[in-house]
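Structure record follows, encoded as structure tokens.
The values are calculated or read from the model by the stated rules, or taken from the named source; none is laboratory data. Remember, it's a predicted structure, so these values are computed and weren't measured experimentally. Glycine also receives a Cβ, built like all others from the backbone with ideal geometry; neighbour counts cover every protein chain displayed. Ligands, DNA and RNA are stripped out before the accessible areas are found, and what is left, the full protein with its side chains, is counted by its heavy atoms. Shrake-Rupley method; radii C 1.70, N 1.55, O 1.52, S 1.80 Å.
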Amino acid sequence: MKLFADSASDLPKQFFVDENVEYFPLRVHIGTAEYEDIRTIHSKTVYDAIRSDIHPKTSQASPEEMMNTFEKLAKDGEEGLYIAFSSELSGTYNTAVMVADQVREEHPDLDLIIIDSKAASLGYGMIVKEAARLRSEGHARTAIIETVNFMVAHLESLFTVEDLDYMAKGGRISKGSAFVGGLLNIKPLLHVEDGKLVPIEKLRGRKKVLKRIVELMKERGSDWKEQTIAISHGDDIEYALMLKHEIEEQLQPKNVEIYLIGSVIAAHTGPGTLAVFFLSQVKA
């Protein structure tokens with residue numbers, strides 16, 4: 001089975017190589033230059049641009065690349081599974097569905113399932129990683145899809161960002177939802193609700209934010225000793241390590257992984273972002 005994802009999963013390039021997962025890069029625009037996420041740009045470049053008061057833009061993955069990939073899948077007679085970035089945050093999922101329908105006009109036997117992850121960054125990446133693990137163990141596509149759908153339904157995502165106004169400018173949350181409070185050291189806390197980023201409260205100072213994140217994890221999660229928790233950060237590893245310490249001390253999970261937020265997500269969230277991803281329950 002061929003497994004597909006896209007770059008908004010924020011998994012490192014080596015993962016895709018090692019696990020033989022094909023990815024569709026979303027695109028990043030800095031000034032007049034266009035880059036392919038993961039392939040031709042590193043997220044550090046995006047953070048440096050933002051700190052220089054340059055605001056990168058993004059666009060969805062290439063329909064042409066999808067077309068060529070899906071046609072090859074059909075011609076090779078292989079089955080495929082594409083786990084896509086949240087349809088509420090990007091047009092990539094809908095484009096993939098449209099392209100697959102076009103390919104089926106000439107190749108009606110195209111055997112491709114496309115799933116909306118309803119997630120972003122490492123929450124999305126966790127789902128892709130589990131699908132790759134199950135495939136490597138020889139599980140059938142139907143079993144992998146069942147697990148993917150379970151994770152989509154039970155994934156919890158908590159974020160804090162330095163400035164929600166920046167996200168509002170990028171269209172990732174409504175301007176009415178953006179909190180103003182940078183001068184007061186106000187830190188917004190938000191989560192993902194049915195694929196959308198939604199602010200839930202605001203707190204003063206990073207320590208209070210970290211404390212509240214762990215409190216919410218306790219309320220929303222379970223089966224910690226069976227879980228690998230994922231943390232992604234916006235070029236602020238010290239902040240991520242602080243959260244990891246609190247989680248390990250209070251929840252004692254199976255494992256905690258930390259990754260840098262990728263270029264596309266970084267373009268909309270900016271430096272200083274911190275996110276944690278976990279499951280409300282673990283599949284039996």
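Being of a type in the set (A, V, I, L, M, F, W, C), touching a strand residue (DSSP E or B) at 6+ places or on another chain (Cβ under 7 Å) and more than 17 Å from residue 261 (Cβ to Cβ) is the filter; apply it to segment 17-52 and report the residue that is surrounded by the most Cβ atoms within 10 Å (Cβ to Cβ).
The qualifying residue surrounded by the most Cβ atoms within 10 Å (Cβ to Cβ) is 24.
Being free of Cβ contacts under 8 Å to residues at least 60 places away in the same chain, touching a strand residue (DSSP E or B) at 6+ places or on another chain (Cβ under 8 Å) and over 20 Å from residue 118 (Cβ atoms) is the filter here; which residues of segment 225-249 pass it? Talk me through it step by step, then tell me what you get.
Pass one, segment 225-249, residues free of Cβ contacts under 8 Å to residues at least 60 places away in the same chain: 225-227, 229, 233, 236-249.
Filter once more, so that each one left must be touching a strand residue (DSSP E or B) at 6+ places or on another chain (Cβ under 8 Å): 227, 229, 233, 236-237, 239-241, 243-244, 247-248.
Passing the criteria: 233, 236, 237, 239, 240, 241, 243, 244, 247, 248.
Taking residue 108 and the conditions (1) surrounded by 18 or more Cβ atoms within 10 Å (Cβ to Cβ); (2) of a type outside the set (A, V, I, L, M); (3) over 19 Å from the mean Cα position of the chain (by Cα), which numbered condition does it fall short on, given that it satisfies the others?
(1)
What pairs come up if the first residue lies in segment 260-275 and is without any contact (Cβ under 8 Å) to a residue 60 or more places away in the chain, the second is buried (at least 24 other Cβ atoms within 10 Å of the Cβ) and assigned to a loop (DSSP other than H, G, I, E, B), and their beta carbons are under 6 Å apart, counting only those six or more places apart or on different chains?
Hits for this filter: zero, empty list.
Pairs, please: C-beta under 7 Å, at least 6 apart or cross-chain, first residue at pLDDT below 95 and in segment 149-176, second surrounded by fewer than 19 Cβ atoms within 10 Å (Cβ to Cβ) and β-branched (Val, Ile, Thr)?
Matching pairs, first to second residue: 165/180.
Considering segment 197-208 alone, what residues qualify as being within 21 Å of the chain's Cα centre (by Cα) and buried (at least 17 other Cβ atoms within 10 Å of the Cβ)?
Filtering segment 197-208 for residues within 21 Å of the chain's Cα centre (by Cα) gives 197-200.
Passing the criteria: 197, 199.
When you go through (1) in a loop (DSSP other than H, G, I, E, B); (2) under 17 Å from the mean Cα position of the chain (by Cα) one by one for residue 20, which number turns out not to apply?
For residue 20, the exception is condition (2).
Among the residues of segment 234-256, are any closer than 25 Å to residue 27 by Cβ and buried (at least 19 other Cβ atoms within 10 Å of the Cβ)?
yes
Okay, residues lined up against (1) under 16 Å from residue 217 (Cα atoms); (2) aliphatic (A, V, I, L, M); (3) modelled with pLDDT of 95 or more:
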position	(1), (2), (3)
240	yes, yes, yes
245	yes, no, yes
248	yes, no, yes
251	yes, yes, yes
254	yes, no, yes
260	no, yes, yes
270	no, no, no
276	yes, yes, yes
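Sort out which residues of segment 1-16 are surrounded by fewer than 17 Cβ atoms within 10 Å (Cβ to Cβ), outside any helix (DSSP H, G or I) and within 18 Å of the chain's Cα centre (by Cα), and write them in order of number. Give the steps one after another, and end with the answer.
Residues of segment 1-16 surrounded by fewer than 17 Cβ atoms within 10 Å (Cβ to Cβ): 1, 12-14.
Within this subset, residues satisfying the condition of being outside any helix (DSSP H, G or I) are 1, 12.
Scanning segment 1-16 gives a single hit, 12.
I need a count of the residues in segment 42-100 that are part of a helix (DSSP H, G or I) and over 23 Å from residue 29 (Cα atoms).
Step one: list which residues in segment 42-100 are part of a helix (DSSP H, G or I), which gives 43-51, 63-76, 92-100.
Still in the running and over 23 Å from residue 29 (Cα atoms): 68-76, 97-100.
Final tally of qualifying residues: 13.
From the list 196, 207, which one is at pLDDT 50 or above, of a type in the set (Lys, Arg) and under 23 Å from residue 263 (Cβ atoms)? Break it down into steps so the answer makes sense when it comes.
On the way: 207 fails: under 23 Å from residue 263 (Cβ atoms).
The match here is 196.
Could we say that residue 261 is open to solvent by 50 Å² or more (accessible area, probe 1.4 Å), among the aliphatic types (A, V, I, L, M) and within 15 Å of residue 43 (Cβ to Cβ) here?
Numbers: open to solvent by 50 Å² or more (accessible area, probe 1.4 Å): no; among the aliphatic types (A, V, I, L, M): yes; within 15 Å of residue 43 (Cβ to Cβ): yes.
No, not satisfied.
Return yes or no: is residue 234 more than 30 Å from residue 143 (Cα to Cα), touching a Gly at 6+ places or on another chain (Cβ under 6 Å) and among the small types (Gly, Ala, Ser)?
For residue 234, the condition - more than 30 Å from residue 143 (Cα to Cα), touching a Gly at 6+ places or on another chain (Cβ under 6 Å) and among the small types (Gly, Ala, Ser) - is met.
Every residue in segment 75-97 that is touching a residue at least 12 places away in the same chain (Cβ under 8 Å) and open to solvent by 20 Å² or more (accessible area, probe 1.4 Å), please.
Kept after step one, since they are touching a residue at least 12 places away in the same chain (Cβ under 8 Å), are these residues of segment 75-97: 75, 77-93, 95-97.
Matches in segment 75-97: 75, 77, 78, 79, 87, 88, 91, 93, 97.
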